[in-house]
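A quick write-up on the structure given underneath.
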Amino acid sequence: MANGYTDERDDHLRRLRRIEGQVRGIAKMVEDDKYCIDVLTQVSAATRALQSFALGLLDEHMSHCLVDAARTGGAEQDEKLKEASDAIARLVRS
């Protein structure tokens, strides 16, 4: 069974590379002794980008993997529901 994000893999990788570039930019700002608030602004932007990515991935997981497990029922359904619930809790805490 393919992962829920498989069809969007290239788009996801592009987004992650962009986020990676943001983080490298933040490191460069620190190396260059940029103003703290400017660095924090970029950290906030990178954090929002990662959160947005995570929420999109979670949405794909729920509409693909979780729905498939619900159709199957039983232990697989319970396991996938617990995984999704735990993932949501981790995202909320971050």
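The values are calculated or read from the model by the stated rules, or taken from the named source; none is laboratory data. Quick caveat: nothing in here was measured; it's all calculated off a predicted structure. Every residue, glycine as well, gets a Cβ built from its backbone with ideal geometry; the counts of neighbours run over all protein chains shown. SASA here: full protein model, heavy atoms, side chains in, ligands and nucleic acids out. Shrake-Rupley method; radii C 1.70, N 1.55, O 1.52, S 1.80 Å.
Every test in (1) open to solvent by less than 90 Å² (accessible area, probe 1.4 Å); (2) under 12 Å from the mean Cα position of the chain (by Cα); (3) modelled with pLDDT under 95; (4) not hydroxyl-bearing (Ser, Thr, Tyr) is passed by residue 50 save one, and that test is (3). Only residues that are surrounded by 11 or more Cβ atoms within 10 Å (Cβ to Cβ) and either in a loop (DSSP other than H, G, I, E, B) or in contact (Cβ under 8 Å) with a residue 12 or more places away in the chain (or both) were counted in the range 72-89, giving 5.
How many residues does the range 33-47 hold that are among the hydroxyl-bearing types (Ser, Thr, Tyr) and open to solvent by 100 Å² or more (accessible area, probe 1.4 Å)? Of the residues in the range 33-47, 1 are among the hydroxyl-bearing types (Ser, Thr, Tyr) and open to solvent by 100 Å² or more (accessible area, probe 1.4 Å). Scanning the range 2-27 for residues that are open to solvent by 50 Å² or more (accessible area, probe 1.4 Å), free of Cβ contacts under 8 Å to residues at least 12 places away in the same chain, within 20 Å of residue 62 (Cβ to Cβ) and not in a loop (DSSP other than H, G, I, E, B) returns 7, 9, 11.
Among the residues of the range 34-71, those that are in a helix (DSSP H, G or I), under 18 Å from residue 24 (Cα atoms) and without any contact (Cβ under 8 Å) to a residue 24 or more places away in the chain comprise 36, 37, 38, 39, 40, 41, 42, 43, 44, 45, 47, 48.
Could you tell me which of the residues 92, 30 is open to solvent by 60 Å² or more (accessible area, probe 1.4 Å) and touching a helix residue (DSSP H, G or I) at 6+ places or on another chain (Cβ under 8 Å)? Full working, then the answer.
Numbers: 92 fails: touching a helix residue (DSSP H, G or I) at 6+ places or on another chain (Cβ under 8 Å).
Of the residues listed, the single one that is open to solvent by 60 Å² or more (accessible area, probe 1.4 Å) and touching a helix residue (DSSP H, G or I) at 6+ places or on another chain (Cβ under 8 Å) is 30.
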